[in-house]
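Right, one structure below, let's go through it.
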Amino acid sequence: MNHNATLPAPPRRVRGFVLTGLAVVALAVAVFPMRRMLTMAAPRCMAGRWHGCYDTFNGLVLMTLVALPVSLLVVWVLARSRRGADGTSPWRMSLAEVGMVHGTTPFLWMTMMPGAEPGTEAGAVSLVPLRDLVTMGPLGIAGNLLVFASLGFFAPVRFAALASVPRILALGAGCSALVEIAQYVFRLDRVSSVDDVLVNTTGAVLAGLASRHWWRTAAQAPTDRPRPAMAGRP
């Protein structure tokens, strides 16, 4: 008997179950502190009422969690349809695509929600950096950091062309600037602030750095493929 032989690697299915279980536990730990605000929004959301559900942060978080199983199903379908594809893992590509949409859409919805008197006059514009940070408060800053965090995390994993810090910064800044311009153009009675752009961009870059292990691998995958042998050479 060879005692020096290494143990075989666990099957992919087993590793998939383990990772899924860890993800479920992590989600439960993250949701537990928010249980009170989710239960407050649940009656209105389950009744399909617009006011108190889709126009509030609590209701938005609840509906995002409710839609999570659907998003995971979409990931599974996309990954199965890509089985055998070249390049990066089909599961990684599918999770990145769905993660960008699922994690960004709810925050975009909130940023485009109108204020008390939409359409009456052009919204306020604040172009002095760092002036509005004081009025945001910790919760406002945290929310702004999360607006494009999913985009910054998953975009470089899916698209190798975005796998660099300057490009993630440009992506976050460009998307945030478009949101602020849209708020002003559509007269949503919201403040178009340069501080929102700065904080949103910071959140995208920090999230991108958190996924750097995966997006660097995805960026290098095409160059790691073996080159075909030249004709006439042994």
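For the reader, a short list of remarks on this structure follows.
- Candidate set: the stretch 75-98, residues that are over 24 Å from Gly152 (Cα atoms) and of a type in the set (Lys, Arg); chosen: the one modelled with the lowest pLDDT: Arg83
- Answer residue from the stretch 46-81, given it is hydroxyl-bearing (Ser, Thr, Tyr), part of a helix (DSSP H, G or I) and over 16 Å from the mean Cα position of the chain (by Cα) and is nearest to Met93 (Cα to Cα) among those: Ser81
- Selection within the stretch 161-196: residues that are in a helix (DSSP H, G or I) and of a type in the set (Val, Ile, Thr). The member of this set that is farthest from Thr104 (Cα to Cα) is Val185.
- Annotation note: Cβ proximity below 6 Å between a residue of the stretch 150-168 that is over 12 Å from Met100 (Cβ atoms) and buried (at least 20 other Cβ atoms within 10 Å of the Cβ) and a residue that is polar (S, T, N, Q) and modelled with pLDDT under 95 (sequence gap 6+ or interchain) occurs for no pair.
- Answer residue from the stretch 169-189, given it is surrounded by fewer than 21 Cβ atoms within 10 Å (Cβ to Cβ) and charged (D, E, K, R) and is nearest to Ser126 (Cα to Cα) among those: Asp189
The values are calculated or read from the model by the stated rules, or taken from the named source; none is laboratory data. Keep in mind the model is a prediction, meaning the values are calculated, not measured. Using ideal geometry, Cβ is built from the backbone for each residue, glycine included, and neighbour counts are taken over all protein chains shown.
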